[in-house]
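What follows is a short report on a single structure.
Please treat every number below as a calculation from the coordinates, not as lab data. What you are looking at is a predicted structure, and each value in this text was computed from that prediction instead of being measured. Glycine gets a Cβ as well: all are built from the backbone with ideal geometry, and neighbour counts include every protein chain shown.
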Amino acid sequence: MPTNEDLINTFYTAFSKLDYATMNSCYSNDIVFNDPTFGLLKANEVRSMWQMLCSNAKDFSLTYGNIIQLDEEYSTCDWVATYNFSKTGRQVVNKIRANMKFADGKIIEHSDAFSLHKWSAQAFGFSGWLLGWNKLFQRKIQNGARKNLLIWMENK
């Protein structure tokens, strides 16, 4: 059975290659995911999100490190994704802390933490910088991301 660190390495190595199938193979069938952009996703929504993001990625690169095993169930790591945001074409360098829970050789919970304000300033420019701290603006970003995911899931 792979260790937590093995799973993290497999997941982020695959992500760096935009290999969503391998990424998704690291997850349990009932995976739960949460981040500031998409909010709470479950099972097929999570797998579809990675497929959508990997399929649409432009000028993408990823680095990761600082893997820390907190105990037998929980680990964290830091990762940085650099890409062009599809809606605006602007380059984003997103610095993220991943928190993962493991059971039976799979990731069963995954949450990514990052500043949505910093992300929106990069993705949307001045308007993102000006409004990115605002909960209504953040909810608009999240609703748009979820809508795009639902459309993706319907069309695949």
Checked against (1) surrounded by 14 or more Cβ atoms within 10 Å (Cβ to Cβ); (2) more than 22 Å from Leu149 (Cα to Cα); (3) more than 13 Å from the chain's Cα centre (by Cα), Ile68 satisfies every condition except (1)
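Determine which member of the set Asp71, Asp78, Asp104, Asp59 is acidic (Asp, Glu) and under 17 Å from Asp35 (Cα atoms). Quick ask: steps written out before the conclusion?
On the way: Asp71 fails: under 17 Å from Asp35 (Cα atoms); Asp104 fails: under 17 Å from Asp35 (Cα atoms); Asp59 fails: under 17 Å from Asp35 (Cα atoms).
Sole residue among the options that is acidic (Asp, Glu) and under 17 Å from Asp35 (Cα atoms): Asp78.
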Checklist (1) buried (at least 18 other Cβ atoms within 10 Å of the Cβ); (2) β-branched (Val, Ile, Thr); (3) in contact with a helix residue (DSSP H, G or I) (Cβ under 6 Å, 6 or more places away or on another chain); (4) farther than 26 Å from Asn134 by Cβ applied to Thr22, failing item:
(1)
Working only within the range 145-156, note down all residues that are assigned to a helix (DSSP H, G or I), of a type in the set (D, E, K, R) and in contact (Cβ under 8 Å) with a residue 12 or more places away in the chain.
Arg146
Residue hits (the range 1-48; within 14 Å of Leu149 (Cβ to Cβ) and either out of contact with any strand residue (DSSP E or B) (no Cβ under 7 Å at 6 or more places or on another chain) or of a type in the set (Lys, Arg) (or both)) are Tyr20, Thr37, Phe38, Gly39, Lys42, Asn44, Glu45, Arg47, Ser48
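Among the residues of the range 71-102, write down those that are aliphatic (A, V, I, L, M), crowded, with 16+ Cβ neighbours inside 10 Å and within 23 Å of Asn56 (Cβ to Cβ).
Looking only at the range 71-102, we keep the residues that are aliphatic (A, V, I, L, M), and these are 80-81, 92-93, 96, 98, 100.
The next check asks that each one be crowded, with 16+ Cβ neighbours inside 10 Å; those that pass are 81, 92, 96, 98, 100.
Result: Ala81, Val92, Ile96, Ala98.
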Which residue, of Gly65, Gly89, Gly105, is under 17 Å from Ser120 (Cα atoms) and of a type outside the set (A, V, I, L, M)?
Gly89
Of the residues that sit in the range 116-144 and are over 14 Å from Thr88 (Cβ atoms) and in contact (Cβ under 8 Å) with a residue 40 or more places away in the chain, which one is surrounded by the most Cβ atoms within 10 Å (Cβ to Cβ)?
Leu116
Tell me yes or no: at least one residue of the range 103-114 is surrounded by fewer than 16 Cβ atoms within 10 Å (Cβ to Cβ), within 14 Å of Ile8 (Cβ to Cβ) and not hydroxyl-bearing (Ser, Thr, Tyr).
yes
